[in-house]
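Following: one structure in structure tokens, then a few remarks.
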Amino acid sequence: MERKLIADCKKVVFLYSHSLDSMTDKITCFIATEDVATASSLREDALVDAVYFRADLRSTEAMRWIASQTTGSYTLVYNKPTRLQWVHFALHRLLQIAGDTGAAMLYADHFTVNPAGEISEAPVIDYQSGSLRDDFDFGSVQVFRTDSLKKAVAEMDVDYSYAGYYDLRLRVSRLGLVVHINEYLYYDIELDSRQFGEKLFDYVDPKNRAVQIEMEAACTAHLKAIGGYLAPTAFREVDLDSEPFEFEASVVIPCRNRASTIADAIRSALDQKTTFPYNVIVVDDNSTDGAAEIISKLAAENPDKLVYIAQDKTYHAIGGNWNAALHHPKCGRFALQLDSDDVYSGPDTVQKFVEAFREQKCAMVIGSYQITDINLKPAPIAPIEHREWTPDNGRNNALRINGLGAPRGFWTPLVRQMTFPTTKYGEDYAVALRISRQYRIGRIYSVMYFCRRWEGNSDASLDVATANRYNTYKDRIRTWELEARIAENNAR
């Protein structure tokens, strides 16, 4: 294995601005593993001052311990309990860039090695002010300038069991640059072999609730420190009946190439029982698999209740399809989401949505859902309730988590003014963040629909490049929203 790893190092070529002999900075290493090979690979480098082991590097107590032990100019944390293999001269490269940039924190692209010894590239994404997710992927190697680390730790005034490291990197980001080195500097073994779609819900797993509470507290403190925090009472009121509507609600179903599931979704929407008039708006974005014909047939059978919008050949994506539905003259007062491969949990979902809008006097409502297979067999995971959304702090915590829950309902007059971004990922998150800045978002904690996971799901299995592109976009959305909130707070 080691020969194979070293042989592959020829993929990486570094150019140095000065000789290795001139490098005098030392680095102290802290690793969450007792693997002898990892320790040896660190100790063999003349730049390493000392190597310390600690099983759990998440707590505030662990951060204070690191700050008390580190003596080098830089501090390296390896937070994965497995073997680390450097690319030749990678540690020198890390320290060179640290010195050249004055960065407070650095991280790098790397390779992953699976149990079969197969090597693949694992690039990570650039850090920005909106990179507030506690699960932001820095890789397993992070390097801190020791004076920044010690200053950040000295200011820690809350003892966390799980959010200590997250608190550290947020504090360090306020002290200086966080630099992403776009070079492959080490090899790592991927322990979590699940696909991207299977990892999406880890952050809302009920067994991780204690972790989530701490992460929320650390993020909220960070938002207060940088001026991005929103008080729990500063909401604009909404007059839900300010405009007349023919329909009280519309179920909006964007669709592209979902011939195998679209009929189920439409029938689920058509079978709703309500005390008010509602309709279903299906927007087909140039399907080529027969989905358009299925929609057309169902529209002909239900002319008074089903609106069929066939998009033109230009680019629309999911966000553009939502805009088409929202601005259609038949769109109802409340626009309710249903994906083209999912179904409502019962005939009362639309009724519950409208009642929630009325009772909670809000501009948006988020429900809960159960993950199932294509045959509606529940997955071995509790319903996704997004309990991390609380009335007093939900809109601040929304900047930390990667989604706000589903299904979603929108007050149509407001969303018509805001516009969905014309993207196929993160479009609903962008609108929800924008709404939460100024308006109250309501919640329903009972299961409102069944989210069917199957091989055809667009987010069931994403390659690294696609996952990185999606995460970069969501970080960008958070950055824009954070900047807007800071500007509004400064203007008060």
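Considering only residues that are in contact with an Asp or Glu (Cβ under 7 Å, 6 or more places away or on another chain) and over 25 Å from residue 93 (Cβ atoms), look in segment 115-158 and name the one that is surrounded by the most Cβ atoms within 10 Å (Cβ to Cβ).
Filtering segment 115-158 for residues that are in contact with an Asp or Glu (Cβ under 7 Å, 6 or more places away or on another chain) and over 25 Å from residue 93 (Cβ atoms), the one surrounded by the most Cβ atoms within 10 Å (Cβ to Cβ) comes out as 130.
Working carefully through the options 126, 167, find the one that is modelled with pLDDT of 95 or more, in a helix (DSSP H, G or I) and among the acidic types (Asp, Glu).
Exactly one of 126, 167 is modelled with pLDDT of 95 or more, in a helix (DSSP H, G or I) and among the acidic types (Asp, Glu), namely 167.
Among the residues in segment 140-150, are any among the basic types (Lys, Arg), touching a residue at least 60 places away in the same chain (Cβ under 8 Å) and in contact with a helix residue (DSSP H, G or I) (Cβ under 6 Å, 6 or more places away or on another chain)?
Yes - at least one qualifying residue is present in segment 140-150.
Say we look at segment 473-492 and pick out the residues that are of a type in the set (Asp, Glu) and surrounded by fewer than 16 Cβ atoms within 10 Å (Cβ to Cβ); which of these is modelled with the lowest pLDDT?
Ranking the qualifying residues of segment 473-492, first place goes to 488.
Pick from segment 85-114 the residues that are modelled with pLDDT under 95 and assigned to a loop (DSSP other than H, G, I, E, B): which of them is farthest from residue 74 (Cα to Cα)?
114
Contact list please: Cβ distance under 9 Å, first residue in segment 116-134 and over 30 Å from residue 209 (Cβ atoms), second residue among the hydroxyl-bearing types (Ser, Thr, Tyr) and buried (at least 19 other Cβ atoms within 10 Å of the Cβ), pairs at least six apart or on different chains.
Qualifying pairs under 9 Å: 119/187; 121/184; 123/184.
Within the bounds of segment 324-338, is there any residue that is over 18 Å from residue 247 (Cβ atoms) and surrounded by 16 or more Cβ atoms within 10 Å (Cβ to Cβ)?
No, the conditions are met nowhere in segment 324-338.
Quick check on segment 167-177: of everything there that is crowded, with 23+ Cβ neighbours inside 10 Å and in contact (Cβ under 8 Å) with a residue 60 or more places away in the chain, which residue is farthest from the chain's Cα centre (by Cα)?
168
Looking for whichever is in contact with a Phe, Trp or Tyr (Cβ under 7 Å, 6 or more places away or on another chain), within 25 Å of residue 452 (Cα to Cα) and of a type in the set (Gly, Ala, Ser) here; the options are 296, 340, 287. Which one fits?
296
Out of the residues in segment 22-46 that are farther than 30 Å from residue 208 by Cβ and modelled with pLDDT of 90 or more, which is surrounded by the fewest Cβ atoms within 10 Å (Cβ to Cβ)?
26
Hey, among the residues in segment 419-436 that are of a type in the set (Gly, Ala, Ser) and under 23 Å from residue 358 (Cβ atoms), which one's surrounded by the fewest Cβ atoms within 10 Å (Cβ to Cβ)? Break it down stepwise before answering.
So the first thing to find is which residues in segment 419-436 are of a type in the set (Gly, Ala, Ser), and the list is 426, 430, 432, 436.
Then keep just the ones that are under 23 Å from residue 358 (Cβ atoms); that gives 432, 436.
Details: 432: 22, 436: 24.
So, considering only residues that are of a type in the set (Gly, Ala, Ser) and under 23 Å from residue 358 (Cβ atoms), the one surrounded by the fewest Cβ atoms within 10 Å (Cβ to Cβ) is 432.
For segment 202-243, enumerate the residues that are more than 16 Å from residue 59 (Cα to Cα), hydrophobic (A, V, I, L, M, F, W, C), at pLDDT below 95 and crowded, with 16+ Cβ neighbours inside 10 Å.
Answer for segment 202-243, where residues must be more than 16 Å from residue 59 (Cα to Cα), hydrophobic (A, V, I, L, M, F, W, C), at pLDDT below 95 and crowded, with 16+ Cβ neighbours inside 10 Å: 204, 235.
Please name all residue pairs, on different chains or six or more residues apart, with Cβ atoms under 8 Å, provided the first residue is in segment 249-266 and is surrounded by fewer than 23 Cβ atoms within 10 Å (Cβ to Cβ) and the second residue is of a type in the set (A, V, I, L, M, F, W, C).
256/291; 257/291; 259/291; 259/294; 261/374; 263/294; 263/298; 264/343
What number of residues within segment 267-286 satisfy the criterion of being of a type outside the set (Ser, Thr, Tyr), more than 19 Å from residue 327 (Cβ to Cβ) and crowded, with 20+ Cβ neighbours inside 10 Å?
So the answer is 2.
Of the numbered conditions (1) farther than 23 Å from residue 270 by Cβ; (2) surrounded by 21 or more Cβ atoms within 10 Å (Cβ to Cβ); (3) modelled with pLDDT of 95 or more, residue 360 fails exactly one; give the number of that condition.
For residue 360, the exception is condition (2).
Look at residue 439 and say whether it is buried (at least 20 other Cβ atoms within 10 Å of the Cβ) and either at pLDDT 95 or above or not basic (Lys, Arg) (or both).
Taking the combined requirement at face value, the residue does not satisfy it.
The values are calculated or read from the model by the stated rules, or taken from the named source; none is laboratory data. It should be emphasised that the depicted structure is a prediction, and the values quoted were computed from it without experimental measurement. Cβ sites come from the backbone with ideal geometry, for glycine too, and all protein chains shown count toward neighbours.
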